[in-house]
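The values are calculated or read from the model by the stated rules, or taken from the named source; none is laboratory data. Everything numeric here is computed off the predicted structure, so don't read it as measured data. Cβ sites come from the backbone with ideal geometry, for glycine too, and all protein chains shown count toward neighbours. SASA here: full protein model, heavy atoms, side chains in, ligands and nucleic acids out. Shrake-Rupley method; radii C 1.70, N 1.55, O 1.52, S 1.80 Å.
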Amino acid sequence: MIPAPEALARLRDGNRRFVSNVRSHESLTSEARRTAVAAGQEPFAIILGCSDSRVPAEIVFDQGLGDLFVIRVAGNIVAPSQIGSVEFAADRYGTRLVVVLGHSQCGAVLATIDELKRPTVNQSRNLHSIVDRVRPAVEPLLRREMQYEPEALLRHAVRANVCISAGHLRHGSDILEHLIKKDGLIVVGAEYSVETGLVDFFDGVPDGRSNP
Ligand SMILES: [Zn+2]
């Protein structure tokens, strides 16, 4: 089992490689690697990220086959099936780091802002279920001056949405709560910049540093 702080260091190193264009893709996706993980997996981190095509977790953290247990859903929201997936990986594979990975320019967060400002009639019930889960991150911001500054509003809403998802994972499951209290599981919140490629770990980081 890889302790959470070490797992976090690996992700930071990987993101540094990605940003500086030094990738290890060849070895990480090689036939040898495939053969090695065919018998079993021990992913060192669980990533709950957005489905956005610009934020594939394995690429932005420069990781390969068998390294990450990835759950992707628009707006990196936490519904019961996401909690179940995290419980499954933490319990079955002993993974001790969970990262909620939001990102700049998130379309799901933007759609929620638009919906709250100008509600649409007959919005798809399924899409509504996503907007509904992002809503608590956006609503308080719409009561502030920020509501008139679209860019600042989106930036703050993305981060608030990450914090809310991370909070749900920390407190919405007896299994995860137990692992956090007794077994070194940590849940951190992070934001990926689609502009720079950098990941900023800003919520729940054990050593308190948001960036190295
Ligand atoms: Zn997104």
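Kindly indicate whether any position in the stretch 102-116 is more than 16 Å from the ligand (Cβ to nearest atom), open to solvent by less than 10 Å² (accessible area, probe 1.4 Å) and in contact (Cβ under 8 Å) with a residue 60 or more places away in the chain.
We begin by selecting, within the stretch 102-116, every residue more than 16 Å from the ligand (Cβ to nearest atom); these are 116.
Narrowing further to those that are open to solvent by less than 10 Å² (accessible area, probe 1.4 Å): none.
No: the stretch 102-116 contains no residue that is more than 16 Å from the ligand (Cβ to nearest atom), open to solvent by less than 10 Å² (accessible area, probe 1.4 Å) and in contact (Cβ under 8 Å) with a residue 60 or more places away in the chain.
For the stretch 51-73, name all the residues that are within 16 Å of the ligand (Cβ to nearest atom) and open to solvent by 10 Å² or more (accessible area, probe 1.4 Å).
Step one: list which residues in the stretch 51-73 are within 16 Å of the ligand (Cβ to nearest atom), which gives 51-57, 59-60, 70-73.
Passing the criteria: 51, 52, 53, 54, 56, 59, 70, 71, 72, 73.
Would you please name the residue that is most open to solvent (accessible area, probe 1.4 Å), looking only at residues in the stretch 7-37 that are of a type in the set (D, E, K, R) and more than 18 Å from the chain's Cα centre (by Cα)?
The first filter runs over the stretch 7-37 and keeps only residues of a type in the set (D, E, K, R), leaving 10, 12-13, 16-17, 23, 26, 31, 33-34.
In the following step, the residues that additionally are more than 18 Å from the chain's Cα centre (by Cα) were identified as 17, 23, 26, 31, 33-34.
Working: 17: 75, 23: 116, 26: 158, 31: 125, 33: 57, 34: 137 Å².
Filtering first and then ranking leaves 26.
Pick out the one residue from 193, 165 that is open to solvent by less than 80 Å² (accessible area, probe 1.4 Å), among the hydroxyl-bearing types (Ser, Thr, Tyr) and closer than 15 Å to residue 77 by Cβ.
Working: 193 fails: closer than 15 Å to residue 77 by Cβ.
Matching residue, one of 193, 165: 165.
Kindly list the number of the only condition in (1) within 16 Å of the ligand (Cβ to nearest atom); (2) among the small types (Gly, Ala, Ser); (3) surrounded by 20 or more Cβ atoms within 10 Å (Cβ to Cβ) that fails for residue 90.
With (1) within 16 Å of the ligand (Cβ to nearest atom); (2) among the small types (Gly, Ala, Ser); (3) surrounded by 20 or more Cβ atoms within 10 Å (Cβ to Cβ) applied to residue 90, the lone miss is (1).
Would you check if residue 37 is farther than 15 Å from residue 187 by Cα, part of a helix (DSSP H, G or I) and in contact with a strand residue (DSSP E or B) (Cβ under 9 Å, 6 or more places away or on another chain)? Full working, then the answer.
Values: farther than 15 Å from residue 187 by Cα: yes; part of a helix (DSSP H, G or I): yes; in contact with a strand residue (DSSP E or B) (Cβ under 9 Å, 6 or more places away or on another chain): no.
No.
Name the residue, out of 140, 150, 206, that is loosely packed, with under 14 Cβ neighbours inside 10 Å and under 13 Å from residue 98 (Cα atoms). Don't jump to the end; show me each part of the working.
Values: 140 fails: under 13 Å from residue 98 (Cα atoms); 150 fails: under 13 Å from residue 98 (Cα atoms).
Of 140, 150, 206, the one residue that is loosely packed, with under 14 Cβ neighbours inside 10 Å and under 13 Å from residue 98 (Cα atoms) is 206.
Taking the condition away from the ligand (no atom under 16 Å from the Cβ), loosely packed, with under 13 Cβ neighbours inside 10 Å and assigned to a helix (DSSP H, G or I), does residue 81 pass? Working first, answer last.
Values: away from the ligand (no atom under 16 Å from the Cβ): yes; loosely packed, with under 13 Cβ neighbours inside 10 Å: yes; assigned to a helix (DSSP H, G or I): yes.
When the stated conditions are applied, residue 81 passes them.
Looking at the stretch 41-78, which of its residues are assigned to a helix (DSSP H, G or I), more than 18 Å from residue 173 (Cβ to Cβ) and in contact with a Leu (Cβ under 9 Å, 6 or more places away or on another chain)? Before the answer, list the steps.
Keep residues of the stretch 41-78 that are assigned to a helix (DSSP H, G or I), which gives 57-60, 74-76.
After this cut, where a residue has to be more than 18 Å from residue 173 (Cβ to Cβ) as well, the list is 57-60, 74-75.
Hits for the stretch 41-78 are 57, 58, 60, 74.
Let's see how each residue does on (1) in a helix (DSSP H, G or I); (2) closer than 16 Å to residue 115 by Cα; (3) in contact with a Leu (Cβ under 9 Å, 6 or more places away or on another chain); (4) in contact (Cβ under 8 Å) with a residue 24 or more places away in the chain:
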site: 136; (1), (2), (3), (4): yes, yes, no, yes
site: 139; (1), (2), (3), (4): yes, yes, yes, no
site: 146; (1), (2), (3), (4): yes, no, yes, no
site: 154; (1), (2), (3), (4): yes, yes, yes, yes
site: 157; (1), (2), (3), (4): yes, yes, yes, yes
site: 161; (1), (2), (3), (4): yes, yes, no, yes
site: 169; (1), (2), (3), (4): yes, no, yes, yes
site: 175; (1), (2), (3), (4): yes, no, no, yes
site: 179; (1), (2), (3), (4): yes, no, yes, yes
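For the stretch 118-131, which residues satisfy the criterion of being surrounded by 14 or more Cβ atoms within 10 Å (Cβ to Cβ) and under 16 Å from residue 78 (Cβ atoms)?
130, 131
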